[in-house]
Each structure stands twice: as structure tokens, then as C-alpha cells.
Amino acid sequence: PEENPFMQEMHSFEEIMMMYSCAIREVKTKFEVLNDDFSVRYKRNPIEFIQSRIKKPVSIAKKLASKGCPVTCASILNNLDDVAGIRVICPFIDDIYMVAEKLISQDDITLIEAKDYISHPKPNGYRSLHVIVEIPVFFADHTRNMRVEVQIRTIAMDFWASLDHQLRYKKDIPNVDMISARLKKCADVISATDLEMQSIKNSIYGQRYIPELKRESPEE
Ligand code: 0O2
């Protein structure tokens, strides 16, 4: 029987969400492989943990509408970069850049955009490295380049961002300017701690630690 347009759109939506979920798995595996390799070779994990999420249907529709784009399935693939999201939490600041570099340099990954909110924090104090990448995903009868947004941050940056996110959900905040200033101060304190932790790590491991990674294969 012929499907009505609504049902067709619903089936397309289900298919697109499946495609994004597969793209997440592909990129997540790359980070897991990197972490495993690093842990065996260097006895240290550059990744603490990985989270992922698919943007919710209502958020997808709102974002398309706010960009003035049609709220259709085709429009999702053409206009949104953050339907598939992966968050990588690292112990140290230099791990963030190393992990990003390792991802971007892989043959099947295309870098679409990078936003460095660590060297250029948002005015409210938000810090993270955001990269949007494209990865080919092989489906049953076609291959498609899928976009994934990767947010890479330290444990400390993640701690701040998650509390900031909780607090911003409340709309009628009293003394909003004062609250924002206090949150910004927390972000700065946390950032100073991250820098000190990095400095302690450099004192223990030395600065040669990361450049050594640039070897193509182990010498032995
Ligand atoms: P969710 O629920 O994570 O999907 P855009 O993505 O186009 O709306 P922009 O500025 O181009 O806006 O993107 P940006 O700032 O590179 O990344 C947006 C995402 O980064 C947000 O996703 C948050 O996950 C995170 N983020 C950005 N700024 C802040 C901040 O001040 N505090 C916190 N806690 N997170 C932030 P969404 O779409 O807002 O939500």
C-alpha cells in the first residue's frame, strides 16, 4: 500500500537517525583504538571517558527553524553538523590537542571545522576544543559521508560545562549578572588548575612525551 507523506518522512527520519548513530560508532571506535594503543605503548590513557548523543528530534526541528532551513529529513543532512555528537574527556590539556590531531590525520577523516574555545574561551568562561569531521559510513547498498561534532575537553572543563548547563536550564535566574560573574570566576579558577596540572605532568614526563608519538611505528 502507498504510504502517506507523513509516514514516508517518519521512515526517512528513522533511517537518518540510524545513519548518525552508525557514524558515532565509527568515530568512537577510532578514539577507543587510540586510547588502547597509547595505554599499551606508553602505560597511560590520554582519554578518561567518551560520551555520545544523538540530538533530540525537537532540538533538531528547533535548530533547523532557527537557521531558516526547511524542517525536513533532507534538510537535516544538508544543514546540521551536530546531530551526531561525541564528547571526549581527557586528563590533560595537551592530550586534547594530541587526540584531535590523531583523529584529523586519519585517511578517512575530513576536517570540516575546528573551534578552539581553549585558546579563545567563550566570554562566559566555556572552554573546549570543538571539531566537526566527516567520515564515510558503509551501509548495505550505499556509502555516505556523515558529519559528527566532537567536543574534546579536560575533566575540569567538563565539570564546569556540565554544572553550567544545569544552571542555565533554569530560565528565571535572579541576579543573573552576578551569577554569570561567579560562574566565570569558577571557570578561571578551574583553568588555572588545568594549567598547573599540565605543568606538573611536564615536570614528571618531560616535554618530549608528545613529540615521541610522531614516530610511525615503535622502534623495537
Ligand atoms: P546540545 O544539547 O549539547 O546539543 P550552534 O552549535 O550552531 O548552536 P555554535 O556557537 O556554532 O552554535 O556552536 P558551538 O558553540 O561550537 O557548540 C555548541 C555546543 O557546545 C553546545 O551544544 C554545547 O554542547 C556546547 N557549548 C557551547 N557553549 C557552551 C556553554 O557556554 N556552556 C555549556 N555548558 N556548553 C556549551 P547545544 O546545541 O547548545 O546543545
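Readers should treat all values here as calculations from the given coordinates under stated rules, not as data from a laboratory. Remember, predicted model here, so these are calculated numbers, not experimental data. Reconstructed Cβ throughout: ideal geometry from the backbone, glycine too, with neighbour counts over all protein chains shown.
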One point scatterer per Cα, no solvent, Debye formula: log10 I(q)/I(0) for region 108-158 at q = 0.18, 0.21, 0.24 Å⁻¹ comes out as -0.63, -0.75, -0.86
Residue by residue through region 10-27, which ³J(HN,Hα) values in whole Hz follow from phi under the Karplus form 6.51 cos²θ - 1.76 cosθ + 1.60 (θ = phi - 60°), with glycine and proline marked x? 5, 5, 4, 4, 4, 5, 5, 5, 4, 5, 5, 5, 5, 4, 4, 4, 4, 6
Column: log10 I(q)/I(0), Debye, Cα scatterers of region 69-141, q = 0.11, 0.21 Å⁻¹: -0.38, -1.07
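Sum up the charges of everything whose Cβ sits under 11 Å from the Cβ of Y117, counting Lys and Arg as +1 and Asp and Glu as -1, but leave Y117 out.
Details: positive: K115, K122, R127, R153; negative: D116.
Spelling it out: positives minus negatives among the neighbours equals +3.
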With the convex hull built on the Cα atoms of the chain, state its orientation-averaged projected area in nm². 15.8 nm²
Ratio of alpha-carbon Rg to the 2.2 N^0.38 Å globular estimate for region 1-60, to two decimals, please. 1.73
Distance from the Cα centre of region 54-103 to that of region 146-172, in angstrom? 13 Å
Can you give me the long-range amide H partners of T154? Hydrogens built in the peptide plane at 1.01 Å from N, cutoff under 5 Å, separation of 5 or more residues or another chain. C90
Placing +1 on each Lys and Arg Cβ and -1 on each Asp and Glu Cβ in the chain, then taking the dipole about the Cα centre, the residue among C90, A192, V40 whose Cα reaches farthest towards the positive end is A192
Evaluate the Debye formula for region 122-196 with equal point scatterers sitting on the alpha carbons, no solvent, and hand back log10 of I(q)/I(0) at q = 0.11, 0.18 Å⁻¹, in q order, two decimals. -0.44, -0.78
Please give the length that would be gained between M178 and F13 if that part of the chain were fully extended, namely 0.36 nm times their separation in residues minus their C-alpha to C-alpha distance (nm, one decimal). 55.1 nm
Among K62/K171; K122/K185; K30/K201; K67/K170; K28/K170, the pairs whose Cα-Cα distance exceeds 20 Å are K30/K201; K67/K170; K28/K170
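Could you work out [θ]222 nm for the chain from helices alone, using -39500 (n - 2.57) per DSSP H run of at least four and dividing by all its residues? Round to the nearest 500 deg cm²/dmol.
-17000 deg cm²/dmol
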Compactness check, region 3-108: C-alpha Rg relative to the 2.2 N^0.38 Å globular estimate gives 1.34
Once phi is turned into θ = phi - 60°, what whole-Hz ³J(HN,Hα) does the Karplus curve with 6.51, -1.76 and 1.60 give for every residue of region 67-73, x standing for Gly and Pro? 8, x, 9, x, 8, 9, 5
